[in-house]
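Comments concern the structure below.
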Amino acid sequence: MKIIHRSILKHLEFTFATGDLFDAGVEAIVNSEQTDFILSKNAKSVSGQIWARYGDRVQQELNAATNGQVLHPGTVLDTSGGQDFKRIFHAGFHYPESWLDRSGEARNLIDRPREARDSLETEYFTAIGSCITQILDGAVRQGLKSIAFPLIGAGLFGLDEKMRILQFIDAIEALDDRLPEGQNPHVWLVIRDPAQFESAAGLFLDLLMQARCNLVSVRFKPTGMPLLDRFATRLSTRTNEDWAKWLVCRYAEIGVELMCYALGRAAVPASTPETLFEERRAPTFGTVRDAAYGLAVSSEINYSTWGAQFFSNVIKNKTRVSSLAAVIEQRNDLAHGRQSLPLAKIRNLVTEALQLDTWRKIPETDGRLQLTEWRPWIGTGGAGADQIGLFERWQKNTRRYLIPETGEVFSLPAE
């Protein structure tokens, strides 16, 4: 194991190294998986090494957790860690049918239109981010002192290496910000493949060490919607320009989710997560946009519901529809490392697509915003009673919520 960089943030210690993940000397390791969670027999992969080292036990635990089902991207399972580790976290970020041919293309995606292929691959990138946050929080919750990650998604689906490193850095910095005094976990990023390490190491150190003058921040005017405004505080922190662009697109996605859920509340009869979205699967940016449009044009809407009239007009407006499509295209380009528009132009597209300058005026016609009335689309939980989560997915008798500004998730029983 060769240590390339080691630093201590406010609370956690971070190590970037090259070598074998199994030699990191940590309490837990991370394995990237497809969402059937069947361990690989390829001894060159982390999954294959887990199978070779720990036999059936880990697979039996995974089988018990999945009950033979294929789960959805963004699912994390954890198991025992054999004789070497306390726990192994398994990050399920892509479907099992999405496997690569010799050209590096995902076989089941080759014949799809580029927009559809890009969209699914970008959701895999989003799922990786969700998995990283869930694993970090799970390790802290279980009291683990150290954990080692590979670079999840390496070489798959055309996802940009730089963006995946930025995603990882963002996740550990976000964890560091919310850690209480006395909790000082040690997080490792370990890259084994020499070719991958050669390209990733330069990128990582450059991103980690770049001068503050090269970083950027973005500001949006307050909208009066707490979930959107809290996320906007992340944008005001200086960061890499490409990551700032990604966060601006994510800001737009949260805005569309809020519009969709407001229209779901206003529909007659009212929509619920169970009637609007597929079980276990977190709806994608495009899925939520389409659901919002469908509600606005096809449902009977109670326009006395807070925001219903305004959001219906926004989501149906052709100019704003076009701007929103452009935002989604920029998001796909960023995930794949393609040329994207300047940050200011993406920000302007988001402002236009959501008609942000008017959000603060909604109470003038619709009265005071009462988020307690937005259940089940909004829930309160997480580490503190003041943390507000936005619906993310549902399963059986539970609904999962995501706190946009931190990426944390929590579950509540269905009402």
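The values are calculated or read from the model by the stated rules, or taken from the named source; none is laboratory data. Note that the coordinates shown come from a computational prediction; the quantities given were computed from them, not determined experimentally. Cβ coordinates were reconstructed from backbone atoms using ideal geometry, including for glycine residues, and neighbour counts include every protein chain displayed. Accessible surface is based on the protein model in full, side chains and every heavy atom, while ligands, DNA and RNA are left aside. Shrake-Rupley method; radii C 1.70, N 1.55, O 1.52, S 1.80 Å.
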**Report entry** Pairs, first open to solvent by 10 Å² or more (accessible area, probe 1.4 Å) in the range 80-91, second polar (S, T, N, Q), C-beta under 9 Å, six or more apart
**Finding:** 86/80; 86/142; 87/79; 87/80; 87/142
Report summary line: Within the range 133-164, the count of residues that are under 16 Å from the mean Cα position of the chain (by Cα) and within 12 Å of residue 28 (Cβ to Cβ) comes to 3
Query - residue 38 being under 27 Å from the mean Cα position of the chain (by Cα) and open to solvent by 50 Å² or more (accessible area, probe 1.4 Å) - result: yes
Query raised in the report: If we keep just the residues of the range 131-153 that are open to solvent by 20 Å² or more (accessible area, probe 1.4 Å) and part of a helix (DSSP H, G or I), which is nearest to residue 193 (Cα to Cα)?
Result: 134
Requested in this report: Please identify the pairs in which a residue from the range 357-368 that is free of Cβ contacts under 8 Å to residues at least 60 places away in the same chain and open to solvent by less than 100 Å² (accessible area, probe 1.4 Å) has its Cβ atom under 9 Å from the Cβ atom of a residue that is hydrophobic (A, V, I, L, M, F, W, C) and assigned to a helix (DSSP H, G or I), counting only partners at least 6 apart or on another chain.
Outcome: 358/310; 358/314
Query raised in the report: Out of (1) within 17 Å of residue 48 (Cβ to Cβ); (2) at pLDDT below 90; (3) of a type in the set (D, E, K, R), the odd one out for residue 101 is which?
Result: (1)
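So that you can scan it fast, the table gives a plain yes or no per residue for (1) in contact with a Phe, Trp or Tyr (Cβ under 6 Å, 6 or more places away or on another chain); (2) modelled with pLDDT of 90 or more; (3) on the phi > 0 side of the Ramachandran plot; (4) among the hydrophobic types (A, V, I, L, M, F, W, C):
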position: 370; (1), (2), (3), (4): no, yes, no, no
position: 384; (1), (2), (3), (4): no, no, no, no
position: 396; (1), (2), (3), (4): no, no, yes, no
position: 408; (1), (2), (3), (4): no, yes, no, no
position: 412; (1), (2), (3), (4): no, yes, no, yes
Requested in this report: Those residues that are more than 30 Å from residue 169 (Cα to Cα) and β-branched (Val, Ile, Thr), I need them from the range 365-415; list them, please.
Outcome: 365, 372, 398
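Which of the residues spanning the range 356-415 are charged (D, E, K, R), more than 16 Å from the chain's Cα centre (by Cα) and not in a strand (DSSP E or B)? If you could, list the steps in order and put the result at the bottom.
Here is the first cut: in the range 356-415, the residues charged (D, E, K, R) are 357, 360-361, 364, 366, 368, 373, 375, 386, 392-393, 396, 399-400, 405, 408, 415.
The next check asks that each one be more than 16 Å from the chain's Cα centre (by Cα); those that pass are 357, 360-361, 364, 366, 368, 373, 375, 386, 396, 399, 415.
Scanning the range 356-415 gives 357, 360, 361, 364, 366, 368, 373, 375, 386, 396, 415.
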Query - Candidate set from the range 274-293 (those that are surrounded by fewer than 21 Cβ atoms within 10 Å (Cβ to Cβ) and farther than 18 Å from residue 311 by Cβ); member that is nearest to the chain's Cα centre (by Cα) - result: 284
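Collect the residues in the range 41-51 that are open to solvent by 60 Å² or more (accessible area, probe 1.4 Å) and among the hydrophobic types (A, V, I, L, M, F, W, C), keeping them in residue-number order. Spell out how you get there, then give the answer.
Step one: filter the range 41-51 for residues open to solvent by 60 Å² or more (accessible area, probe 1.4 Å), giving 41-44, 51.
Hits for the range 41-51 are 43, 51.
Could you please find all residues in the range 167-182 being in contact with a Leu (Cβ under 8 Å, 6 or more places away or on another chain) and in a loop (DSSP other than H, G, I, E, B)? I'd like the intermediate steps shown before the answer.
Narrowing the range 167-182 to residues in contact with a Leu (Cβ under 8 Å, 6 or more places away or on another chain): 168-169, 171-173, 175-176, 179.
Listed by number, the list holds a single entry, 179.
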Query - Residue list for the range 261-290, filter: outside any loop (DSSP other than H, G, I, E, B) and touching a Ser or Thr at 6+ places or on another chain (Cβ under 9 Å) - result: 261, 262, 263, 264, 265, 266, 267, 285, 286
**Report entry** Within the range 52-71, tally of residues that are within 25 Å of residue 164 (Cβ to Cβ) and open to solvent by 20 Å² or more (accessible area, probe 1.4 Å)
**Finding:** 1
